[in-house]
Structure formats: structure tokens, C-alpha cells
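The values are calculated or read from the model by the stated rules, or taken from the named source; none is laboratory data. Bear in mind that the values here come from a model prediction, so they are computed numbers and not experimental data. Every residue, glycine as well, gets a Cβ built from its backbone with ideal geometry; the counts of neighbours run over all protein chains shown.
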Amino acid sequence: MPPDLFALCVGIAIGLLLAWVYVLIWKARYTATIREDAVQRSQAVTVGKVHEQVVPYLPEFRYNPKDARFLGTPVDLVVFDGLADGQLRRIVFLEVKTGASDLTNRERQVRDVVEAREVEWAELRVARR
């Protein structure tokens, strides 16, 4: 094998080896970043779900906790304002948000329908057997 061809092959082999090592290092860093981001998002969701459950008992909750009913989705709480006192004043659909989180598309749809007053009462009577 001519020396120039041998040097070329060695150069290519070294280049491929360095590229492979670089890819492995990049992959390890990228994987760690993705995992850390996933853990942070999971923790944020968990904190939000816990907060939704306890918010009626926090000082900033301006309704009687006895009037609040947890739904979870598509809205967090329905508050029957005044019901515990025997004088229902209004019904409030309440979405609890923590941090910089925004309404989801489904939550925005519920908000828009409520604000458009497209809400009604219905009864379903089930026959006894």
C-alpha cells in the first residue's frame, strides 16, 4: 500500500473516530437535558394538581370552601357561591393556574361559552325498574 493512501486511510479513520466520540458526548448531554426538562415539567404538573385540590383552603380563595366542588377537567372547580349559607348568589367556573401557565384550548372554549352565556339547566329523569 502506498504511504499516501495509508495516511489517507488513517486520517479518515481518525476523523470518523473523533466524529463518533463527539456524537456520543453530544447525545449524553442532550439526553440529560431532555430528562431534566421532563422531570421539571412533571413536577410543575404535580404541583399544579395539588394546588388545585387545596386552593379552597388558602387565604386568597374568596369563596366559602364548602361551596367549592372539584371537577379537575375541563375546569378545576365549580363554586356554588353562597350555597352553604342557604342563599345561592351565583355559580362560578374557576380555573386555577400556577406560575406562567396559560389556559389550554379546551379551557378557553369553556371560558368563551360561559362568557357568551351559552349555559343551560337540564334534568334527566331515570325510570325505576
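General observations
- The stretch 21-46 - residue that is within 20 Å of the chain's Cα centre (by Cα) and hydrophobic (A, V, I, L, M, F, W, C) and, of those, nearest to Leu77 (Cα to Cα): Val45
- Within the stretch 34-56, the set of residues being under 30 Å from Asp67 (Cβ atoms) and free of Cβ contacts under 8 Å to residues at least 24 places away in the same chain comprises Val45, Thr46, Lys49, Val50, Gln53, Val54, Pro56.
- Complete set of residues in the stretch 77-108 that are within 17 Å of Trp121 (Cβ to Cβ), outside any strand (DSSP E or B) and in contact (Cβ under 8 Å) with a residue 12 or more places away in the chain: Leu83
- All of (1) surrounded by fewer than 16 Cβ atoms within 10 Å (Cβ to Cβ); (2) touching a helix residue (DSSP H, G or I) at 6+ places or on another chain (Cβ under 7 Å) hold for Thr73 with one exception: (2).
- Residue that is modelled with the lowest pLDDT, among those in the stretch 47-76 that are under 17 Å from the mean Cα position of the chain (by Cα), in a loop (DSSP other than H, G, I, E, B) and at negative phi: Thr73
- The test for being surrounded by 10 or more Cβ atoms within 10 Å (Cβ to Cβ), under 21 Å from Ala44 (Cβ atoms) and touching a Pro at 6+ places or on another chain (Cβ under 8 Å) does not hold for Leu103.
- Qualifying residue in the stretch 46-68 (condition: polar (S, T, N, Q), surrounded by fewer than 10 Cβ atoms within 10 Å (Cβ to Cβ) and within 25 Å of Trp121 (Cα to Cα)): no
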